[in-house]
Amino acid sequence: MSCDIEERLARELPAYALRVVDALEAAGHEAWVVGGWVRDALLGRPGHDVDVTTSAPWQETARVLRAAGVEVHETGTAHGTVTAVVDGRPVETTTYRVEGAYSDRRHPDEVRFVTDVREDLARRDFTVNAMAFHPQRGLLDPFGGEKDLAARVIRAVGEPRRRFEEDALRVLRAVRFACRLDAAIEPATQEALLACAPELDQIARERIGQEMDGILATGRAAWALRHEFPVLAAAIPELAPMAGFDQKSPYHAHDVLEHTARVCAGVEEFTGGGASQALRWAALLHDVAKPACWSEDVSGRGHFFGHPEAGARTVAAVMGRLAIPGEVARAARALVLLHDFEIRATAPSMRRMLAELERACPGQARRLAFALLDLKRSDAVAKAPRCMGYAVELDAMTRVLRAELAAGAVWRVGDLAVGGADVIRERGVEPGPGVGMVLAQLLATVMDGELPNDRDALLAWLRW
Ligand code: ATP
Ligand code: MG
């Protein structure tokens, strides 16, 4: 490690984190910055949260920091963790520890506090995550994490098989960090990871959900699908039938898995890497129900009737099980449900799409409309070369959609320039479901462009 790099890290370490380290050391303890901040700062990305590891027992950490005027929350004291808040920034501060036996292969039976920071580093998952930094003492890197980081290699700390057997979640974490760092997985680590992937079914669903969401957030799910599919299929068994599933369709040059990988890459490409999590989940799962919905016609061609609806049900089931936030899951479900919805580059067609999205995911239609077009565009270019022309049509649709939204497009009953009271007064209908039916009819007429959304025009229509 060159002094230059250590000096740079020392300069970049945020003052709020330094305050925690300094307070602990002034009281005679040892403290290091550890994990994600060190890894990302070495890569020239110093924005990561700072975690601190210290020789002080948590009660002592809390006492010392409070005496130094720092706010402390006892967030995970069973594992030796307290969270210091300095200038509004949280610093997780944990006592050096190792984990005991993992008899259930999920949770360590106990954590044991230790006095040597090297022992604490040794219990961490990958070499790139097992480095500690101190502004005066420099980088502590007993497992060659800096070298692996530079070479973009994910390597287990210690014996890979044993490390994955202790906690199978690490299998999925390896894939997440490989995606995140654009890294390869070291061969022995890779071999152990494949052997242990089936153990993921023992892991708490929400931990799997967090790591899967993290893999998608890297924008490199396509890589994971192509290179680590057995791991993803162990995390989400519904994905498994996609591999090798021949679509027997002139519209598809690839199996469902490769098609899905292309769609995942496509949504990143079309959004400049800024796809929403809902769009990423939708890309991953949009064709998940194809194998189950497959049928063959007399000419030997494959069809997938009902796969968007069946897929939407699978999305709700999978994302619910993995405890993905409801807002993201509902939006992803709507995108999958409508990914084959037929649209054209006309204003009425765009309004109908908005209305369908509104029904599938109330209140989100405007935002989801662009995501749906990006999904459809990615889907089109990921099929067969003959589908490319549709991607060009989608550009025209995007322009029409923009113009429609700018012109105050109407797609909800609430957007109409008249309301229920007008219907009751002008039509003489009783309050009740009849009012809603009249408004729905009126909305359809306006959306089709047969009437402007103009109060006088709508009142005249009601009187007529
Ligand atoms: P991210 O930005 O993704 O949060 P991170 O490095 O902070 O990256 P975390 O999952 O927050 O990752 O974990 C913090 C640190 O704790 C890791 O860098 C790693 O050293 C250690 N760690 C976390 N989970 C495990 C695990 N399951 N097994 C071993 N070590 C782990
Ligand atoms: Mg973290």
Legend entry - Point-charge dipole on Cβ atoms (K/R +1, D/E -1) for the chain, about Cα centre, debye to 20: 840
Legend entry - MRE, 222 nm, helices only [DSSP H, n ≥ 4, -39500 (n - 2.57), over the chain, to nearest 500]: -16000 deg cm²/dmol
Legend entry - Gyration tensor (alpha-carbon) shape descriptor, the range 63-103, a/c threshold 1.5: prolate
Legend entry - Percent breakdown of C-alpha pair distances by 10 Å bin, ordered from the shortest bin, for the range 139-281: 12, 38, 34, 14, 2, 0
Legend entry - Alpha-carbon spread of the range 236-406, three principal axes, descending order, Å: 45, 38, 29
Legend entry - Where N is the number of residues in the range 3-151, Cα Rg divided by 2.2 N^0.38 Å: 1.01
Inset, instruction - Give me the number: length gained by fully extending ALA406 to GLU309, i.e. 0.36 nm times residue separation minus the C-alpha to C-alpha distance, one decimal in nm. - result: 31.8 nm
Legend entry - Convex hull volume of the range 108-182 per residue (C-alpha atoms, cubic angstrom): 100
Inset, instruction - Whenever you get a sec, line up HIS254, HIS134 from highest to lowest accessible area (probe 1.4 Å, protein heavy atoms). - result: HIS254, HIS134
Legend entry - Diffusion coefficient, µm² s⁻¹, Stokes-Einstein with Kirkwood Rh over alpha-carbon pairs of the range 69-203 at 10 °C and 1.306 mPa s: 98
Inset, instruction - Set the Förster radius R0 to 35 Å, insert the Cβ-Cβ distance between ARG45 and ASP415 as r into 1/(1 + (r/R0)^6), and round the FRET efficiency to 0.05. - result: 0.20
Legend entry - Per residue solvent-accessible surface (Å²) - the chain, probe of 1.4 Å: 43
Inset, instruction - May I ask for the percentage of alpha-carbon pairs in the range 413-463 that lie more than 11 Å from each other? - result: 64
Legend entry - Potential lengthening between ARG366 and ALA316 on full extension [0.36 nm per residue; Cα-Cα distance subtracted]: 15.9 nm
Legend entry - Cα-projected label distance for THR83 with HIS254, points at 7 Å along beta-carbon direction, nm: 3.9
Legend entry - In order through the range 430-439: 3J(HN,Hα) via Karplus (6.51 cos²θ - 1.76 cosθ + 1.60), integer Hz, x for Gly, Pro: 6, x, x, x, x, 4, x, 5, 5, 5
Inset, instruction - Over the range 153-235, with every protein chain in place, what whole percent of the accessible area is carbon and sulfur at 1.4 Å, could you tell me? - result: 46
Legend entry - Dimensionless Rg over Rh [the range 161-218; C-alpha; Kirkwood]: 0.95
Legend entry - Base-10 log of normalised Debye intensity for the range 197-288 (one unit scatterer per alpha-carbon) at q = 0.10 Å⁻¹: -0.25
Legend entry - From phi via Karplus (6.51, -1.76, 1.60), per-residue ³J(HN,Hα) for the range 412-421 in Hz, x at Gly/Pro: 10, 3, x, 7, 5, 6, 10, x, x, 4
Legend entry - Dipole axis of the range 385-461 (+1 Lys, Arg; -1 Asp, Glu on Cβ), positive-most option in GLY419, VAL435, ALA396: ALA396
Legend entry - Average projected area [Cα convex hull, the range 321-464], square nanometres: 10.5
Legend entry - Using θ = phi - 60° and Karplus 6.51 cos²θ - 1.76 cosθ + 1.60, couplings along the range 372-389 (whole Hz; Gly, Pro as x): 5, 5, 5, 5, 5, 5, 5, 4, 5, 6, 8, 8, 10, x, 5, 8, 4, x
Inset, instruction - Can you find, among LEU462, VAL111, ALA68, the residue farthest towards the positive end of the dipole of the chain? Put +1 on the C-beta of Lys and Arg, -1 on that of Asp and Glu. - result: LEU462
Legend entry - log₁₀ of I(q)/I(0) at q = 0.16, 0.28 Å⁻¹ - the range 1-68, Debye sum with one point per alpha carbon: -0.56, -1.21
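Starting from the Kirkwood Rh over alpha-carbon pairs, what translational D in µm² s⁻¹ does the chain have by Stokes-Einstein at 10 °C and 1.306 mPa s?
After rounding, the answer is 62 µm²/s.
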Inset, instruction - Mind ranking PHE270, PHE229 by accessible surface for me, highest first, 1.4 Å probe? - result: PHE270, PHE229
Legend entry - Where ARG352, ARG180 fall by accessible area, highest first, once all protein chains stay in place (1.4 Å): ARG352, ARG180
Inset, instruction - For the range 199-254 and the range 336-366, compute the distance between their C-alpha centroids and round to whole Å. - result: 27
Legend entry - Label-point separation, TRP464 to SER2 (7 Å along Cα→Cβ), nm: 7.8
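The values are calculated or read from the model by the stated rules, or taken from the named source; none is laboratory data. Please read all numbers here as calculations on a predicted model, not as lab measurements. Heads up, the Cβs are rebuilt from the backbone with ideal geometry, glycines too, and the neighbour counts pull from every protein chain shown. Protein only, heavy atoms only, side chains kept; ligands, DNA and RNA dropped before computing areas. Shrake-Rupley method; radii C 1.70, N 1.55, O 1.52, S 1.80 Å.
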